[in-house]
Amino acid sequence: MKLRAALLVAACGALFALAACGDHGSGPVAQQSGPARLRILIGSSGSAETKAVTDAAAAWAAATGNTATVIPAQDLQQQLGQAFAGGSPPDVFYVDAARFADYASIGALEPYAEHLPQAADFYDSLRAAFTRDGRFYCAPKDFATLALEINDGLWRQAGLTAADVPRDWDGLRAAAVRLRAAGLAPLVLGDTFDRIGAFMVQSGGWLVSPDGRQAIADSPQNLRALRYVQDLLRSGLAAYPKQVDAGWAGEAFGRGTAVMTVEGNWIKGALAKDYPGVAYSVHELPAGPAGPGTLLSTTCWGVAARSPFQAQAVSFVEAMTAADQQLAFADAYGVMPSLRSARDRYLRRFPADAAFLAGADHARGPVNAPRLSRVLADFDSRLQDLAAADPAVILARLQRNLTAVLPG
């Protein structure tokens with residue numbers, strides 16, 4: 001048994017650093033009827049989120065006769081890895097979509113979400129982010145999408161109007177040319193896949209097949225996308241943050257270094273805090289040859305497969321993802337609800353977020369396959385040299401690396 005446990009930890013460690021592994025070989029966990037003592041581990045964005053989740057958990061506990069302890073993680077992945085490796089995972093925990101396949105592939109998650117009363121109410125793109133082998137595992141708690149932010153003052157200074165807001169790739173390039181002619185830096189763009197990948201979606205490309213088993217990175221669609229971004233970079237129509245002495249695109253945009261950027265709705269809080277005087281507007285990303293497309297980031301409420309309180313944990317998640325509760329979270333710390341039924345009420349409260357929310361209908365989540373962190377890190381490093389590199393070579397390398405780790 002000691003050897004078996006050691007092999008399990010080693011195997012899980014190969015899946016992802018700080019393994020999310022537990023004792024999966026001792027059969028089903030006996031379920032307890034309660035009252036439950038739930039432990040909820042969250043990766044909080046700050047004190048506002050911690051308080052909101054703690055208050056909501058306390059209200060659920062009071063209404064159901066259970067107890068719920070919310071634990072804000074200092075390092076969510078590390079603490080989850082240690083808890084699973086030690087055989088004592090939290091009952092409920094945040095799972096980033098970028099790590100979901102790692103956890104699901106080793107049986108760490110209970111696939112409960114498909115049985116929720118509101119299962120069909122989640123946006124299709126969010127359901128897809130947390131679906132593996134045809135099973136919808138865990139309920140998305142909220143989400144963010146990429147959109148195009150425009151500095152309204154600099155836009156007008158260059159003589160551009162609302163009619164010039166780019167709707168497609170040709171429009172983006174045309175607007176950038178006019179901004180450059182006016183002596184302004186047109187666009188600052190993050191230098192990694194989680195920004196540049198949006199152009200791949202707009203071009204009709206992606207990295208893996210829908211079932212997550214085949215690499216499809218070396219495609220004409222992806223090549224077209226990288227060549228388009230490369231042309232912007234080489235023509236001086238776009239720049240990476242490091243080229244304008246900024247730590248990230250939002251900083252450059254806030255300083256007025258560039259007129260446009262591509263970021264998610266987290267930019268609202270960053271600009272309000274660090275650059276409160278910037279007047280800007282948010283628009284959907286320009287469509288590509290294959291139509292509109294954007295990227296999303298999201299987190300789900302994971303329920304541990306080894307929890308003795310699964311029924312109570314699912315009840316907790318159902319309460320946390322109810323429309324009223326999600327709207328309360330939106331008020332408390334600025335997230336977008338994951339339910340379609342909350343859309344209209346959210347927009348009445350936050351009309352400036354319409355472009356972000358519209359992206360849910362044509363967004364792609366993180367690559368849904370396990371063991372990809374090193375592959376994607378290598379891809380990011382290649383994208384940082386995109387202006388000087390051969391996009392075909394970059395994609396060929398990515399194809400080889402993906403093929404080596406995907407099940408095929």
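The values are calculated or read from the model by the stated rules, or taken from the named source; none is laboratory data. Fair warning: this is a prediction, and the values are worked out from it, not measured in the lab. In this analysis, Cβ positions are derived from the backbone assuming ideal geometry, glycine residues included, and neighbour counts consider all displayed protein chains.
For residue 138, all conditions in the list (1) buried (at least 23 other Cβ atoms within 10 Å of the Cβ); (2) closer than 25 Å to residue 248 by Cα; (3) touching a strand residue (DSSP E or B) at 6+ places or on another chain (Cβ under 7 Å) hold save one; what is the number of the exception? Failed condition: (2).
With the condition kept exactly as written, say whether any residue in the range 366-387 is under 17 Å from the mean Cα position of the chain (by Cα) and of a type in the set (Phe, Trp, Tyr). No: zero hits.
Of all residues in the range 249-278, those satisfying the criterion of being touching a strand residue (DSSP E or B) at 6+ places or on another chain (Cβ under 7 Å), of a type in the set (Gly, Ala, Ser) and under 25 Å from residue 364 (Cα atoms) are 249, 250, 264.
I'm checking my understanding of the structure. Among residues of the range 313-335 that are in contact with an Asp or Glu (Cβ under 6 Å, 6 or more places away or on another chain) and either surrounded by 20 or more Cβ atoms within 10 Å (Cβ to Cβ) or not in a helix (DSSP H, G or I) (or both), which one is modelled with the lowest pLDDT?
Only one residue tops the list, namely 335.
The residues on offer are 328, 323, 352, 358, and the sole one that is out of contact with any Pro (no Cβ under 8 Å at 6 or more places or on another chain), outside the structural domain of residue 280 (by TED's automatic domain parsing) and closer than 29 Å to residue 90 by Cβ is 328.
Looking at the range 308-319, which of its residues are out of contact with any helix residue (DSSP H, G or I) (no Cβ under 6 Å at 6 or more places or on another chain) and not β-branched (Val, Ile, Thr)? Spell out the reasoning first.
Of the range 308-319, the ones out of contact with any helix residue (DSSP H, G or I) (no Cβ under 6 Å at 6 or more places or on another chain) are 308-315, 317-318.
Residues satisfying the conditions are 308, 309, 310, 311, 312, 313, 315, 318.
Looking only at residues in the range 359-408 that are polar (S, T, N, Q) and in contact with a Phe, Trp or Tyr (Cβ under 9 Å, 6 or more places away or on another chain), which one is farthest from residue 286 (Cα to Cα)? Write out each step before concluding.
Initially, the range 359-408 is screened for residues polar (S, T, N, Q), giving 368, 373, 381, 384, 399, 401, 403.
From the residues that got through so far, the ones that are in contact with a Phe, Trp or Tyr (Cβ under 9 Å, 6 or more places away or on another chain) too are 368, 373, 384, 401.
Details: 368: 25, 373: 28, 384: 22, 401: 30 Å.
Here the residue is 401.
Per this entry, residue 182 is not counted among residues that are in contact with a Cys (Cβ under 7 Å, 6 or more places away or on another chain), among the small types (Gly, Ala, Ser) and farther than 17 Å from residue 294 by Cα.
This table checks each residue for (1) of a type outside the set (Ser, Thr, Tyr); (2) surrounded by 23 or more Cβ atoms within 10 Å (Cβ to Cβ); (3) farther than 29 Å from residue 35 by Cα.
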| residue | (1), (2), (3) |
| --- | --- |
| 66 | yes, no, no |
| 71 | yes, no, no |
| 80 | yes, yes, no |
| 86 | yes, no, no |
| 89 | yes, yes, no |
| 134 | yes, no, yes |
| 171 | yes, no, yes |
| 175 | yes, yes, yes |
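Of the residues 402, 395, 347, the single one that is of a type in the set (A, V, I, L, M, F, W, C), part of a helix (DSSP H, G or I) and closer than 23 Å to residue 288 by Cα is 395.
Flag set for residue 107, criterion: at pLDDT below 95, surrounded by fewer than 19 Cβ atoms within 10 Å (Cβ to Cβ) and touching a His at 6+ places or on another chain (Cβ under 7 Å). Among the residues of the range 252-280, which ones are more than 27 Å from residue 346 (Cα to Cα) and not aliphatic (A, V, I, L, M)? Scanning the range 252-280 gives 255, 256, 257. Residues of the range 35-55 that are surrounded by 15 or more Cβ atoms within 10 Å (Cβ to Cβ) and farther than 26 Å from residue 98 by Cα: 36, 37.
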